[in-house]
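Novice: One structure is given below, represented as structure tokens, and several questions about it will come after.
The values are calculated or read from the model by the stated rules, or taken from the named source; none is laboratory data. In this text the structure is predicted, and so the values were computed from the model without any measurement. For neighbour counting, all protein chains shown are included, and Cβ atoms are generated from backbone atoms with ideal geometry for every residue, glycine included. With ligands, DNA and RNA removed, areas are computed over all heavy atoms of the protein, side chains included. Shrake-Rupley method; radii C 1.70, N 1.55, O 1.52, S 1.80 Å.
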Amino acid sequence: MARLTYILLISSLLLTVPSFAQNVTVVKFLELQKRLARPTDTTYVVNFWATWCAPCVKELPNFEQVRTVNAGKKVKVLLVSLDYASQVDKKIKPFVLKRGLKSEVLVLNEPDPNDWLAKVDAKWSGALPFTLIINNKTKQRATFEKELSQAELAAALQKFL
């Protein structure tokens, strides 16, 4: 009986531990824009992706590697999902949990990309994946409208550090 009580106690504790998948936040573009415009010396590595985009999914581990390698530095990885906000619980959170993503995941809740694409980058066609690396204090900015290998991403970020 004591063993059963112990098992039930452990099971209930495990159910109350938050998973990283719960760190998925739905935002409007204005909120993301304000965050990226802060006058800070933090370098933001912002990856726009979607669960249905094979090259996006393939490169996600590279962004997780950047997060790990730069822990303790003023580097922040933001993974901005362009999946529908209505899919957060059914699709995005399970995807984040299954992939073990620990970077901050935002879901951009905007119906018309034409309203905000050019505000991210005038040359962005809307194709995914798309990566923005930005540091407002040093006024550095780089964009990539393609899948980035680990080496390409590390080299691009190195120019900011």
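Novice: Hey, rough spin-label estimate for residue 68 and residue 115, points 7 angstrom out along Cα→Cβ, what's it come to in nanometres?
Specialist: Taking the simple label geometry, residue 68 and residue 115 are separated by 3.8 nm.
Novice: Okay, next question. Of the heavy-atom accessible surface of the stretch 64-161 (probe 1.4 angstrom), what whole percent is carbon and sulfur?
Specialist: Whole-percent figure for carbon plus sulfur exposure: 51.
Novice: Let me ask something additional. Checking the a/c ratio against 1.5 first, then a/b against b/c, what shape does the Cα gyration tensor give for the stretch 22-99? Spell out each step's value before the answer.
Specialist: On the way: a/c = 2.03, a/b = 1.28, b/c = 1.59.
It is oblate, given that a/c is not under 1.5 and a/b is not larger than b/c.
Novice: Using Cα pairs closer than 8 Å and at least 6 residues apart in sequence, work out the relative contact order for the chain, in percent.
Specialist: Relative CO of the chain lands at 31 percent.
Novice: To continue, here is another question. Of all DSSP beta bridges in the stretch 21-161, what percent run antiparallel (nearest 5)? Kindly include the intermediate steps, with their values, before the conclusion.
Specialist: Numbers: 10 of 25 bridges.
So the antiparallel bridges amount to about 40 percent of the total.
Novice: Something else about it: For the pair residue 154 and residue 139, how long in nm is the line joining their label points, each one 7 Å along Cα→Cβ?
Specialist: With each label placed 7 Å out from Cα toward Cβ, I get 3.1 nm.
Novice: Here's a follow-up. Roughly how many Å² is the accessible area per residue of the chain, as a whole number, for a 1.4 Å probe?
Specialist: 59 Å²
Novice: Which value at 222 nm does the chain reach when only helices count, each DSSP H run of 4 or more adding -39,500 (n - 2.57), with the total divided by all residues and rounded to the nearest 500 deg cm²/dmol?
Specialist: -10500 deg cm²/dmol
Novice: Based on the alpha-carbon gyration tensor of the stretch 77-123 and its eigenvalue square roots a ≥ b ≥ c, which shape applies: rounded if a/c is under 1.5, prolate if not and a/b is larger than b/c, or oblate?
Specialist: Details: a/c = 3.77, a/b = 1.68, b/c = 2.25.
In terms of gyration-tensor shape, oblate.
Novice: Give the lysines reachable from residue 73 as a straight Cα distance under 28 Å; neighbours fewer than 8 places away on the same chain don't count.
Specialist: Leaving aside lysines fewer than 8 places away in the same chain, those within reach of residue 73 are 28, 34, 58, 93, 98, 102, 119, 137, 139, 146, 159.
Novice: Could you sort 77-83, 45-51, 96-102, 136-142 so that the peptide with the highest average Cβ count within 10 Å comes first and the rest follow in order?
Specialist: Result, highest mean Cβ count within 10 Å first: 45-51, 77-83, 96-102, 136-142.
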